[in-house]
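One structure is given here, and the rest of the page talks about it.
The values are calculated or read from the model by the stated rules, or taken from the named source; none is laboratory data. These numbers come from a predicted model, not from an experiment. Positions of Cβ are backbone-derived with ideal geometry, glycine not excepted, and every protein chain shown enters the neighbour counts.
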Amino acid sequence: MTHAVTEGSVMLPAAEAEQGAGVYNEKLGMWIFLLSEVMFFTALIGSYIILRFSNPAAWPAPGAVLNIPVTAVNTFLLICSSVTMVKAFANAQDGDQRMLRIWLVLTVLIGASFVGIQAFEYNQLIGHGFLPSSGLYGSTFYTMTGFHGFHVTMGVLCMIYVTAKAFRGRYTPDDYRGVEVIGLYWHFVDLVWIILFTIVYLI
Amino acid sequence: MATIAPPVEHAGHPLVDDRSFIRKYIFSTDHKIIGIQFLLMSLLFLLVGGALAMVMRWQLGYPGRPLPGGGVLPETMAPGGVVLPEFYNSLVTMHGTFMVFFAIMPLLVGVFGNYLIPLKIGAPDMAFPRLNMASFWTAVPAGILMVAGFFVEGGHASAGWTGYAPLSADPEYTGVSAGQQLWCLSLIILGLSSILGAVNYISTVINLRAPGMTWFRLPLSIWSLFITAILVLLAMPILSGALIMLLFDQTLGTHFFLPAEGGQPILWQHLFWFFGHPEVYILILPAMGMASDVIANGSRKPIFGYHSMVFAIMSIGFLGWIVWGHHMFQSGMNPTLATSFMISTMLIAVPSAIKVFNWLGTMWGGSIRLHVPMLHATAFVAMFVIGGLSGVFMASTPVDIYIHDTYFIVAHLHYVLFGGSLFAIFAAITFWYPKMFGRMMSERLGKIHFGLTFIFYNMVFFPMHQLGLHGHMRRIYDPSIYDFLKPLGGLNRFITISAFLLFATQILFMINFIGSWFRGRKASNNPWDDTGLEWTTPSPPPHGNWPVTPRVYHRPYEFSSPLVEEDFLPQDRELDTPPARAGSAPGH
């Protein structure tokens, strides 16, 4: 700090150190937005817990309706996409453009296949007559997994945008904000899925 | 953080504005234009909401008589000018919906959050200007969808602004399907708009404060908008989640809120009020903050107890999350739980009273300037006290069981939402109008508008306490069919006539608002002799606000400071000799 501070004075020098959170705007904004997302999923998961506790008979045994092995593979894929995201971020920091692009493309592909497998799963379930109107089980299953799938889809679309920018060499070791910010969102969506997979499929 | 250039005239970017008309006024990323866009939109909805209330009041005052001019309404709403019961239900629902979501909330958060935050913290714009534009342009389709509901088959949503399930969840109960779906969809989109706005406000206040603008040098308006933005950020997604489930119940045949397949109507109430009570503070905290700014200015004194004001805002913001059950005392609840909600609700009276006493302490011994904003701000304090006190009545479960769902609730709600929020909004609009449009509003017309509004407002809403204590139920179509309400017919007509006068008085405000825009006296940079940063830039401020980032040396509200000759010390004025003053906090 270059300015002298006069203790107990009404007129203090402009203190640059007071400014900001020490985080650039986009990252701060994403963290704040994720807080809002936490509350959104809290509304869905909280309702699920209340409905299930007060009416346990409406839930069949785990695995009776849903195909757990397929979704377990899908869960594994999504966790892998978090790993590829971390690798992309690390390469953005190092400035390795080639590896950054490879890892981003991998993340996009894995994310898209997660959505694809989920669409396949929905198709199968609907074919067996399991619909959103099939009791509380169907209502909560489709709403929760559906909105998660919607979040993954949005993430994939944004990730394609970031990847396109990476192919134009827009991320340097000095400025890799886009990669970091989409990474935060991606890990959040991944984390939500682990919770949803546990409470909707396994328990 | 890069060092700031010394304040040389026209240093930094020269603020040349070469944007096209569309970029400048329609798809603008300038926080000031977006604020004004929100202002015009929400004033329009305020008018619409008011007009709906007039139709309701006619039916309550003169049940079954044709509404004057009501012949223009279609057969499905009011055949021959007589309001149909189904249409009356839509009126109740849409008056509440428009006023809460499309008038008061955007007026406070959308307008002044946008307009004041960058100008008062010394920032050139918001942290995310394009996101800000997106926030406004998602609110517009939400408004269009909400208005469209009136024109679809089956009429508009009619389950009340609280949309209680199962009434709202199954079209069979109200006969409304498309209207109710549009209602859900519109509010989901509006929620997205609010969340985008909140992300922007919070990031801006955290990251874009000018050098020297420490947390405890922020004006109270900014503190309250900051805490409000946090409430919006965390409460709106709960409503969105609930509305999505409700929409799915209506369209996809899910069973969240329908008891036939194990769904729970009370779950809707919990979700709605878990959002709804923070929403109550979203609707009053910015009003409190802006009234604080105006009262300090009008009293020519620093705000009394600045720090306690900040902590009161924070504690109201926190307590707002643990009181939602007091809306549900009659929904069936363990009495022990009801007691805990009762106590937490009553606790809110403590920070609220701190604020009221601080406002009085600010005015006490001040050399008061009764300009129009100050008149509205003092009315705000007085009316908020009445609304706050009736709130304590309702918080106590035994009293609530008696007055629940009566006009006492309607009276309380309007004392805080009209008497509180709307008077503070009038104070804020008249106070910052010169900055927004570069012209002064007419002081004489403003005083007439204030006086008549204050009188008619009390004539409308004070007797509603009496109606409520007599057991007059709210949301009823025709009070004249109940024997025990027959003696109240005269009071109902009195309220109706007062309401028409109150509505007519607002024409004065419209004339003043629109007329001053074109004909008003040119405003100087600082017409109110205020200390805030926004008054150091031209009226209206240019794109980018300041040629160089201002530096802040003082706390807000340094009125009647002994350090300067004038009776106000702007926050950015650097004094030659920094005089030591004992007891003042160093920086924050």
Whether any residue in the range A:43-53 is modelled with pLDDT under 95, surrounded by fewer than 14 Cβ atoms within 10 Å (Cβ to Cβ) and either touching a helix residue (DSSP H, G or I) at 6+ places or on another chain (Cβ under 6 Å) or within 25 Å of B:THR254 (Cα to Cα) (or both) is what I want to check. yes
Need the failing condition index for B:PHE509 against (1) modelled with pLDDT under 95; (2) in a helix (DSSP H, G or I), just the number. (1)
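Tell me, yes or no, whether the range B:452-462 has at least one residue that is buried (at least 18 other Cβ atoms within 10 Å of the Cβ) and within 24 Å of B:GLY64 (Cα to Cα).
The answer is yes; a qualifying residue exists.
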Name the one entry in B:ILE238, B:ILE222 that is out of contact with any strand residue (DSSP E or B) (no Cβ under 9 Å at 6 or more places or on another chain), more than 9 Å from every other protein chain (Cβ to nearest Cβ), of a type in the set (A, V, I, L, M) and in a helix (DSSP H, G or I). B:ILE222
Meets criteria (touching a helix residue (DSSP H, G or I) at 6+ places or on another chain (Cβ under 8 Å), in a helix (DSSP H, G or I) and within 23 Å of B:PHE45 (Cβ to Cβ)) for B:ILE195: yes
Which numbered condition B:THR336 misses (of (1) touching a residue at least 12 places away in the same chain (Cβ under 8 Å); (2) surrounded by fewer than 24 Cβ atoms within 10 Å (Cβ to Cβ); (3) not small (Gly, Ala, Ser)): (1)
Quick test for you: out of B:ARG475, B:ARG444, pick the one residue that is at positive phi and surrounded by fewer than 19 Cβ atoms within 10 Å (Cβ to Cβ). B:ARG475
If A:LEU104 passes every condition in (1) modelled with pLDDT of 95 or more; (2) within 14 Å of chain B (Cβ to nearest Cβ) but one, which one does it miss? (2)
With respect to B:PRO278, determine if the residue is buried (at least 21 other Cβ atoms within 10 Å of the Cβ), touching a Leu at 6+ places or on another chain (Cβ under 7 Å) and within 11 Å of chain A (Cβ to nearest Cβ). yes
Do we find a residue being modelled with pLDDT of 95 or more and part of a loop (DSSP other than H, G, I, E, B) anywhere in the range B:175-186? no
Just to verify a result, which residue in the range A:170-199, among those that are part of a helix (DSSP H, G or I) and charged (D, E, K, R), is surrounded by the most Cβ atoms within 10 Å (Cβ to Cβ)? A:ASP190
Could you tell me whether the range B:250-271 includes any residue that is among the acidic types (Asp, Glu), in contact (Cβ under 8 Å) with a residue 12 or more places away in the chain and over 30 Å from B:LEU533 (Cα atoms)? no
Across the range B:352-377, the tally of residues that are surrounded by 21 or more Cβ atoms within 10 Å (Cβ to Cβ) and farther than 21 Å from B:TRP223 by Cβ stands at 2
Which of the numbered conditions does B:THR214 fail, given that it passes all the others? Conditions: (1) farther than 23 Å from B:LEU267 by Cα; (2) crowded, with 24+ Cβ neighbours inside 10 Å; (3) of a type in the set (S, T, N, Q). (2)
Out of curiosity, is B:VAL205 away from chain A (no Cβ under 12 Å), assigned to a helix (DSSP H, G or I) and among the β-branched types (Val, Ile, Thr)? no
Checked B:ALA210, B:ALA169 against criteria (within 12 Å of chain A (Cβ to nearest Cβ), in contact with a Phe, Trp or Tyr (Cβ under 6 Å, 6 or more places away or on another chain) and not in a helix (DSSP H, G or I)); the one match is B:ALA169
Quick one: would you say B:PHE257 is more than 30 Å from B:ASN526 (Cβ to Cβ) and in a helix (DSSP H, G or I)? no
Within the range B:14-63, considering residues that are buried (at least 17 other Cβ atoms within 10 Å of the Cβ) and polar (S, T, N, Q), the one nearest to the chain's Cα centre (by Cα): B:SER42
Single residue of the range B:434-493 satisfying the filter (among the aromatic types (Phe, Trp, Tyr) and part of a helix (DSSP H, G or I)) that is nearest to B:ARG521 (Cα to Cα): B:PHE437
Within the range B:241-261, take every residue that is surrounded by fewer than 24 Cβ atoms within 10 Å (Cβ to Cβ) and polar (S, T, N, Q) and give me the one that is farthest from the other protein chains (Cβ to nearest Cβ). B:GLN250
Residue list for the range A:59-118, restricted to those being out of contact with any Lys or Arg (no Cβ under 8 Å at 6 or more places or on another chain) and among the aromatic types (Phe, Trp, Tyr): A:PHE76, A:PHE89, A:PHE114
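Search the range A:120-162 for residues being aliphatic (A, V, I, L, M) and in contact (Cβ under 8 Å) with a residue 40 or more places away in the chain, and hand back the single one that is farthest from A:ILE68 (Cα to Cα).
A:VAL162
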When restricted to B:SER539, B:SER524, the only residue more than 27 Å from the chain's Cα centre (by Cα) and either part of a helix (DSSP H, G or I) or away from every other protein chain (no Cβ under 14 Å) (or both) is B:SER524
Do we have A:THR84 as surrounded by 14 or more Cβ atoms within 10 Å (Cβ to Cβ), in contact with a Phe, Trp or Tyr (Cβ under 6 Å, 6 or more places away or on another chain) and modelled with pLDDT of 95 or more here? yes
Among (1) surrounded by fewer than 24 Cβ atoms within 10 Å (Cβ to Cβ); (2) more than 8 Å from every other protein chain (Cβ to nearest Cβ); (3) in contact with a Phe, Trp or Tyr (Cβ under 8 Å, 6 or more places away or on another chain), the one test that B:PRO286 misses: (1)
Check on B:ARG551, of a type in the set (Lys, Arg), within 27 Å of B:ILE368 (Cβ to Cβ) and within 14 Å of chain A (Cβ to nearest Cβ): no
Just to verify a result, which residue in the range A:111-145, among those that are surrounded by 21 or more Cβ atoms within 10 Å (Cβ to Cβ) and of a type in the set (A, V, I, L, M, F, W, C), is farthest from the other protein chains (Cβ to nearest Cβ)? A:PHE114
Matching residues in the range B:411-422 - criterion: being within 16 Å of B:GLY50 (Cα to Cα) and in contact (Cβ under 8 Å) with a residue 60 or more places away in the chain: B:LEU417, B:SER421, B:LEU422
